[in-house]
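Only the coordinates and a few stated rules stand behind these numbers; no lab work does. Because the structure is a prediction, the values reported are computed rather than measured. In this analysis, Cβ positions are derived from the backbone assuming ideal geometry, glycine residues included, and neighbour counts consider all displayed protein chains.
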């Protein structure tokens, strides 16, 4: 893709545009020199590079526009490439553009990127980052080892009630107590001192001698 941009766009259609190129074929020891030249020399308008090379460890504050002509299956690689221009020392507004051809594989890749980002933000967020911020039902679901494959995920209260009824004994005691009652039962667990007395490591080692 870089060859097409270089030969068909820059050289043929925009011959007055000065550019630099950095890809996997460029020696690692020479890459920083190319970056420094692009950031310091205003005569260079474009830096051609791949996301695999330009995704990490580069400071491209000389750029104020990022144009993606191809997209990675992993959205984090594209985000890391964008961050190369959003670095400390950047004083200009950075604009990011994506070139997408309708009816091609690129549309599928972009939709997968959005899906992966949505899944990641749903799984890891401030609401469930730790036990202290999780809801009661979320904590109890961690200890529910029953088969929940037949119960679809839904916000319907009736579905939630059915899931709660599945976690009762024959007497219906748990159903009456509810989830809050489950947490009350946790108070009957041993404290740290009781565990230390029952599992005395020093005493165990003495019996082994």
Please give, to one decimal in nm, the separation of the simple spin-label points placed at residue 86 and residue 107, each 7 Å out from Cα toward the Cβ.
2.8
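For 2, 105, what's the fewest-to-most ordering of other Cβ within 10 Å of each Cβ?
Details: 2 14, 105 10.
Fewest-to-most ranking of 2, 105: 105, 2.
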At R0 = 30 Å, FRET efficiency that the Cβ-Cβ distance of residue 73 and residue 43 yields, to 0.05
0.25
Just check the range 19-65 against the gyration tensor rule for me: Cα atoms, a ≥ b ≥ c as the square roots of the eigenvalues, rounded for a/c under 1.5, and otherwise prolate or oblate depending on whether a/b exceeds b/c.
prolate
Going fewest to most other Cβ atoms within 10 Å around each Cβ, 109, 117 line up as 117, 109
Place a point 7 Å from the Cα of residue 52 along the Cα-to-Cβ direction; which residues of the range 75-91 have their backbone N under 17 Å from it?
75-81
Simple spin-label estimate for residue 23/residue 8, 7 Å along Cα→Cβ, in nm, reads 1.4
Report relative contact order for the range 2-119 in percent, whole number only (criteria: Cα-Cα under 8 Å, sequence separation at least 6).
22
